[in-house]
Amino acid sequence: MCRQFIIQMENRPGELAHVARALAARGIDIRHIATAGAGDEACAFVTTTDPDATRRVLGTLGHSFIEGSPVLVELDDAPGALAVAAGRLGDAHVNILGTLVVGRKPGKVEFAFTVDDEEAARAALGVTDLVGVSS
């Protein structure tokens, strides 16, 4: 299964380019990415073609990061669907560390949630593999 990395970095010009160049220099392809920044801090949510090499690159760059196996879930593409899934995780005392939209098809959105307790998240969402969560 893929690994999702949540990478902490400084919120400054060129920082994402620095990380992306370091991954590319080692032949690592970024499959999914989302970024966010607020104030002096930023983070990137990344999946790559080579988790072991990604871990080594991030270590040499000195970036703090956390990682996990994403819990994949298909949600209705409708207002409130994410709120239902996130609420179920919260009710199960599962902390969401990161999330990515990894696919879309008519009426559905595929999310990858990286969480602090994958087993509890799967139970809360009724996930055995990629399945839907209904509201």
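The values are calculated or read from the model by the stated rules, or taken from the named source; none is laboratory data. Note that the structure is predicted; figures quoted are calculated from it, not measured. No Cβ is skipped: glycine too gets one built from the backbone with ideal geometry, and neighbour counts run over all protein chains shown.
Please verify whether the stretch 75-83 includes one or more residues that are in contact with a helix residue (DSSP H, G or I) (Cβ under 8 Å, 6 or more places away or on another chain), among the charged types (D, E, K, R) and surrounded by 15 or more Cβ atoms within 10 Å (Cβ to Cβ). Spell out the reasoning first.
Taking the stretch 75-83 and keeping what is in contact with a helix residue (DSSP H, G or I) (Cβ under 8 Å, 6 or more places away or on another chain), we get 75.
So of that shortlist, the ones also among the charged types (D, E, K, R) come out as none.
Scanning the stretch 75-83 turns up no residue that is in contact with a helix residue (DSSP H, G or I) (Cβ under 8 Å, 6 or more places away or on another chain), among the charged types (D, E, K, R) and surrounded by 15 or more Cβ atoms within 10 Å (Cβ to Cβ).
Just to verify a result, which residue in the stretch 58-74, among those that are more than 28 Å from A123 (Cα to Cα) and within 18 Å of the chain's Cα centre (by Cα), is surrounded by the fewest Cβ atoms within 10 Å (Cβ to Cβ)? Please lay out each step first, then the result.
From the stretch 58-74, those more than 28 Å from A123 (Cα to Cα) are 58-64; that's our starting set.
With the extra rule that they be within 18 Å of the chain's Cα centre (by Cα), the set shrinks to 58, 63-64.
Details: L58: 21, H63: 19, S64: 10.
The residue in question is S64.
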Filtered residue count, the stretch 2-50, keeping only those that are out of contact with any helix residue (DSSP H, G or I) (no Cβ under 7 Å at 6 or more places or on another chain) and closer than 17 Å to S64 by Cβ: 18
Looking at the stretch 70-87, can you tell me whether even one residue there is of a type in the set (V, I, T), assigned by TED's automatic domain parsing to the domain that holds V115 and assigned to a helix (DSSP H, G or I)? yes
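I'd like the residue in the stretch 106-135 that is β-branched (V, I, T), within 27 Å of F65 (Cβ to Cβ) and not in a loop (DSSP other than H, G, I, E, B) and, out of all such residues, is modelled with the highest pLDDT.
From the stretch 106-135, those β-branched (V, I, T) are 109, 114-115, 127-128, 131, 133; that's our starting set.
Subsequent filtering for residues that are within 27 Å of F65 (Cβ to Cβ) retains 109, 114-115, 127.
Next cut, not in a loop (DSSP other than H, G, I, E, B) only: 109, 114-115.
On the way: V109: 95, T114: 89, V115: 91.
This residue is V109.
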Before we move on, is G103 touching a residue at least 12 places away in the same chain (Cβ under 8 Å), among the small types (G, A, S), part of a strand (DSSP E or B) and surrounded by 14 or more Cβ atoms within 10 Å (Cβ to Cβ)? no
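Given the options A20, A92, name the one that is among the small types (G, A, S) and not assigned by TED's automatic domain parsing to the domain that holds A123. So that I can check it myself, show each step before the final result.
Numbers: A92 fails: not assigned by TED's automatic domain parsing to the domain that holds A123.
Result of the check over A20, A92: A20.
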